[in-house]
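Everything on this sheet refers to the single structure shown next.
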Amino acid sequence: NVTWVISNPAIDTIPGQRTLGVAGTVIYICGYAIGGTSVTFNIEKRAAATGAGTNFMASDLTLTTGGVACSSFADDEIPAHSWLLVDISAVSGAVEWVMINLTYRVP
């Protein structure tokens, strides 16, 4: 599991952790928001902490307050030693915080 808890989210890219030394497969991406109206995001995998990345989801996921949302994937493989980042593309209202979780498995 990789979890981001972000207070007062804004349009930005938020770094996460580097994955294990073996390749993995994403099982799901879920999240929820508290306060405001919504937060829209995607999760990227990158070979390096900086530079271009590849989105896991075919389209961004929008979390609305008061509910949990989960997504399917455009690209569900995580190469070994990948950097994971949340890319927030929109925030509506005064969102207090958002929790985003990526669960993956390794062989």
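The values are calculated or read from the model by the stated rules, or taken from the named source; none is laboratory data. Remember, it's a predicted structure, so these values are computed and weren't measured experimentally. Here the Cβ positions follow ideal geometry from the backbone for every residue, glycine too, while neighbour counts run over all protein chains shown. Surface areas here come from the heavy atoms of the whole protein model, side chains and all, with no ligands, DNA or RNA. Shrake-Rupley method; radii C 1.70, N 1.55, O 1.52, S 1.80 Å.
Below is a table of values for the structure above.
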{"item": "Environment charge at ILE88 (Cβ cut-off 14 Å; Lys +1, Arg +1, Asp -1, Glu -1)", "result": "-4"}
{"item": "Directionally averaged shadow of the range 51-105, computed from the convex hull of its alpha-carbon atoms, nm²", "result": "4.9"}
{"item": "Test item: Cα-centred dipole of the chain, Lys/Arg +1 and Asp/Glu -1 on Cβ, debye", "result": "220"}
{"item": "Radius of gyration and maximum dimension Dmax of the chain, Cα, Å", "result": "13.1, 41"}
{"item": "Accessible area per residue, Å², the range 1-101 with all protein chains present, probe 1.4 Å", "result": "49"}
{"item": "Fraction of accessible area attributable to carbon and sulfur, the chain (%, probe 1.4 Å)", "result": "52"}
{"item": "Full-stretch length increase - ASP76, TRP97 - with 0.36 nm per residue and alpha-carbon distance subtracted", "result": "4.9 nm"}
{"item": "Largest-first principal axis extents of the Cα set of the range 1-63 (Å)", "result": "38, 25, 21"}
{"item": "Whole-Å distance, taken between Cα centres, linking the range 18-43 and the range 47-107", "result": "4"}
